[in-house]
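Just below is one structure, and these are the notes that go with it.
Just so you know, all these numbers are worked out from the coordinates, no wet-lab data involved. Keep in mind the model is a prediction, meaning the values are calculated, not measured. Cβ sites come from the backbone with ideal geometry, for glycine too, and all protein chains shown count toward neighbours.
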Amino acid sequence: MERTDSRPYLVGFVPYALAAFLIGIIGGFTTVLGPAFVKDLGLAYNNTTWTALAMSISTAAFAPILGKLGDVIGRRVTLLLGILIFTFGNIMTAVAPSLWFMLAARFVVGIGSAAIAPVVIAYIISEFPQDKASGGFSLYMLISSAAVIFGPTLGGLIIEHSGWRVMMWICVLISAIVFFACLLGNREKKATKKSLSSFDGLGSVFVLIFFSLTLCVPSFGQNFGWSSTAFIFVLIAALLSLVILILVERKAKIPILQGSFMKRRAFVLSVVALFLTQGLMQANMTNVIVFVNYTQPENTVISGYAISIMYIGMSLGSILLGPLADKFEPKRILSISFVVTGIGSALMLLFSPITSVLLLAASLGILGFGLGANATIFMRVVLSEIPTKKAGAATGTYGLFRDLAAPFGVAIFVPLFTNRVSASIEMGIDEIVAAVSSIKLLALTEIVCIAVGIIAVILLPKIHNRKENINEAKG
């Protein structure tokens, strides 16, 4: 229902904006963490797959659980709890002595992120006027992506001069400052809370198990082999957990995963398109860092500059194209942004052993512009007409699949690049030649994915057809 009151929703948004800023700026710093960590411990670069995947799994799998929890215990409590967990995870990261400890640390960081993102978006859905929803989503994306802009470059410089542990302690300090700012900041006058007896605890457990295993399936296949015992075990475990999850959720009074929300055409097609495009972001950041480490090992900062440009592009895409979804049919704007994303990926075909920072920045910057617009507009499409009382659950469910897109990209595109390079080197091919060949294969694969994503966008329902949109939401 459209709001007509004049509540100071922007003032109330300040703690949530700070939390979004926190996730963004720390995310920017830690884009260069994985390669630096494995290099410091003398591990193979393909281990960056596991460091990235550990955080991605918990960020995605915990999103619907903690989004629903926000409806139960209140947004503010969930926000503060998320920041505390996020801070603790970064402390664990700073002292990590081994790969396994690092994986656990990044998993904890992901839990904190999963608590923060859904309540931020739920606040926009619940408190922003309906005619300013896209503007609210654009503001959220602007804060998130703009905060990352200087992170990769500064992180690279800190690592170069002081090491990755010093960088992580700086992240801990920033996290602590934001926590106390949110704790002492504006308090919500009214928070809708429910009894914990209505919380689907058993469903939460199997949501976590199934989606964690789902993300492991492609990684295990590419790293251990599609006929390996490890891959077959994970695949069977994922299928069994899916069956149990379906049975559990059917019996749940208020299930974690909202079937009526998920079966809408706007949701299904948007998720398909998200997996084919947003998944490119995290994977490309990791792959570009590794690509530069292979081809220009003496230049440890160049990839940081390029990734910062990518986030500038995302910020511009979110504020220039995102708000247009309130004025024009969103699917039309999405089609344009997908084409832009394709151009950014196509520029990777020009990468060479001496790729300049300008070409790296142009590729990632254009790619980021398209992805920034996509992320903003998909929120407008999927969360359109969601009732306020279901904001947390719907946002968490959407957040699950949105956040699955990044680890999906990590699980598919990072091993596609790193494993092919490693295999080529084992065959006696020069590592620089192998890196160039592999990055171009990656670019071709991404272009195909973007083309399929455009088809999914074309099939989306017309969001400005209000009657159809309302009926879908009620269904």
Discussion item. Quick one: the Cα spread of the range 311-356 along its three principal axes, in angstroms, biggest first?
Written reply: 44, 19, 8
Fill in: Nearest-ten-degree value, helix 164-184 long axis tilted from longest Cα axis of the chain
10 degrees
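What number, in percent, do you get for the relative contact order of the chain if the mean sequence gap of Cα pairs under 8 Å and at least 6 apart is divided by its residue count?
Values: 849 pairs, mean separation 114.8, N = 475.
It comes to 24 percent, rounded to a whole number.
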Worksheet, complete the sentence: Rounded to the nearest 500, the 222 nm mean residue ellipticity computed for the chain from DSSP H runs (n ≥ 4, each -39500 (n - 2.57)) alone is -26000 deg cm²/dmol
Discussion item. Just to be sure I understand the curve: with the Debye formula and one point per C-alpha of the range 222-331, what is log10 I(q)/I(0) at q = 0.12, 0.14, 0.18, 0.22 Å⁻¹?
Written reply: -0.83, -0.98, -1.08, -1.17
Fill in: Summed residue charge, Cβ within 15 Å of M92's Cβ, Lys/Arg positive, Asp/Glu negative
+2
Worksheet item: Helix 151-161: angle to the longest alpha-carbon principal axis of the chain, degrees 0 to 90, nearest 10?
Response: 40 degrees
Worksheet item: Where does helix 99-127 land angle-wise versus the long Cα axis of the chain, in degrees 0 to 90, nearest 10?
Response: 30 degrees
Fill in: Projected label distance in nm at V448 and V339, using a 7 Å step from Cα toward the beta-carbon
2.4 nm
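Would you mind finding the longest exposed-site-free stretch of the chain, with exposed GluC sites (Glu not before Pro) meaning DSSP loop and at most 11 other Cβ atoms within 10 Å?
3-297
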Worksheet item: Would you list M427, M348, M314, M262 from fewest to most Cβ contacts within 10 Å?
Response: M427, M262, M348, M314
Worksheet item: Any idea what Rg and Dmax come out to for the range 50-149 if you just take the C-alpha atoms, in Å?
Response: 14.8, 50
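Loop-only trypsin sites (Lys or Arg not before Pro) in the range 215-287, please: DSSP not H, G, I, E or B, and at most 13 other Cβ atoms within 10 Å.
Details: sites: R250, K251, K253, K263, R264, R265; in loops: K253, K263, R264.
Here the sparse-neighbourhood loop sites are K253, K263.
Which of rounded, prolate or oblate describes the range 200-253 when judged by the alpha-carbon gyration tensor and an a/c cut-off of 1.5?
Values: a/c = 4.41, a/b = 2.75, b/c = 1.61.
Here the range 200-253 falls in the prolate category.
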Item to complete: Could you estimate the translational diffusion coefficient of the range 118-182 from the Stokes-Einstein equation, with Rh from the Kirkwood formula over C-alpha pairs, at 20 °C and 1.002 mPa s, in whole µm²/s?
Response: 153 µm²/s
Item to complete: For an R0 of 56 angstrom, estimate the FRET efficiency from the Cβ-Cβ distance between L99 and L10 and round to the nearest 0.05.
Response: 0.80
Worksheet item: Cα extents of the chain along the three principal axes, largest first, in whole Å?
Response: 65, 44, 44
Worksheet item: Under the definition of Cα pairs under 8 Å and six or more residues apart, what whole-number percent is the relative contact order of the range 200-253?
Response: 48 percent
Response to the item:
Here the gain from full extension of M262 to L242, 0.36 nm per residue of separation minus their alpha-carbon distance, amounts to 5.6 nm
Item to complete: Between A230 and I177, with labels modelled 7 Å along Cα→Cβ, what's the label distance in nm to one decimal, could you check?
Response: 4.0 nm
Worksheet item: Picking from I412, G70, T295, whose Cα lies most toward the positive end of the charge dipole for the chain (charges on Cβ: Lys, Arg +1; Asp, Glu -1)?
Response: G70
